[in-house]
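The values are calculated or read from the model by the stated rules, or taken from the named source; none is laboratory data. No experiment lies behind these values; they were computed from the predicted model shown. Cβ placement follows ideal geometry from the backbone for every residue including glycine, while neighbour counts extend to all protein chains displayed. In case anyone asks, the SASA skips ligands and DNA or RNA and just uses the protein heavy atoms, side chains included. Shrake-Rupley method; radii C 1.70, N 1.55, O 1.52, S 1.80 Å.
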Amino acid sequence: MKKQRVIMSSVERRGRWTAPKHTDLRVFGGNAELDFREASLAAGVTTIDVRVTMGNLELILPPELAIDVDVSSLMGSVEERHRLPVDPDPGRPMLRVTGRVLMGNLEISTLLRGETEGDGRRRERKERRDKRRALRAADRRALPPGDM
């Protein structure tokens, strides 16, 4: 188990790195960012136990990584943005995040490799717009009630 403490400072983990099977992460009055887009995760469950107090933790995930979040918050926020449900597969990695947030923030977002937050927002906006257009086109092609 790896223990990581961030006290009134900042820690970033980006690029190619190997994520330990279990991490005990404490953030007090600081910021931590863990970018899993190029990280190596072992098959099965990788667990991050978090305690965020008056700080911020940001997790950036690739779209194919399944995640299970069991984090409580008190006067804080836990935000899972841009996540599509991924069916867990025992042969593939899965990230489990447990713990609590007290007067702080936990933000989980999905970005493609090499994509910035702005690029991700624009891509998702375009995907939503394309989906709405496809639904409208399908509605126009549908038969009126009673016509068979």
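Before moving on, here are some points about what is shown:
- Nearest-ten-degree value, helix 117-141 long axis tilted from longest Cα axis of the chain: 20
- In percent, rounded to a whole number, the relative contact order of the chain is 21, using alpha-carbon pairs under 8 Å and six or more apart.
- Split the accessible area of the chain by element, probe 1.4 Å, and carbon with sulfur accounts for 52%.
- Over all Cα atoms in the stretch 1-55, the spread is summed up by Rg and Dmax: 11.4, 34 Å.
- Here the Karplus relation 6.51 cos²θ - 1.76 cosθ + 1.60, evaluated at θ = phi - 60°, turns the backbone of the stretch 7-21 into coupling constants of 10, 6, 8, 9, 9, 10, 10, 9, x, 7, 7, 9, 7, x, 4 Hz, with x for every Gly and Pro.
- Longest to shortest principal axis, alpha-carbon extents of the chain, angstrom: 66, 36, 28
- Across the stretch 1-70, the relative contact order, built from alpha-carbon pairs under 8 Å that are at least six residues apart, equals 33 percent.
- For the pair Glu117 and Glu38 in one chain, pulling the backbone fully straight at 0.36 nm per residue adds 26.8 nm over the alpha carbon distance.
- Only helices enter this figure: runs of n ≥ 4 DSSP H residues, each worth -39500 (n - 2.57), summed and divided by the residues of the chain, yield -6000 deg cm²/dmol at 222 nm to the nearest 500.
- Cα-based reach from Lys2 at 18 Å (exclusive), listing lysines while leaving out same-chain residues under 8 positions away: Lys21
- Rounded to 5, percent antiparallel among DSSP beta bridges of the stretch 7-65: 0
- Note, ³J(HN,Hα) from phi for the stretch 51-56, Karplus 6.51, -1.76, 1.60, rounded to Hz, x at Gly and Pro: 9, 10, 10, 6, x, 10
- Gap separating the Cα centres of the stretch 1-37 and the stretch 86-134, nearest whole Å: 18
- Burial order of peptide ranges 123-136, 59-72 (average beta-carbon count within 10 Å, highest first): 59-72, 123-136
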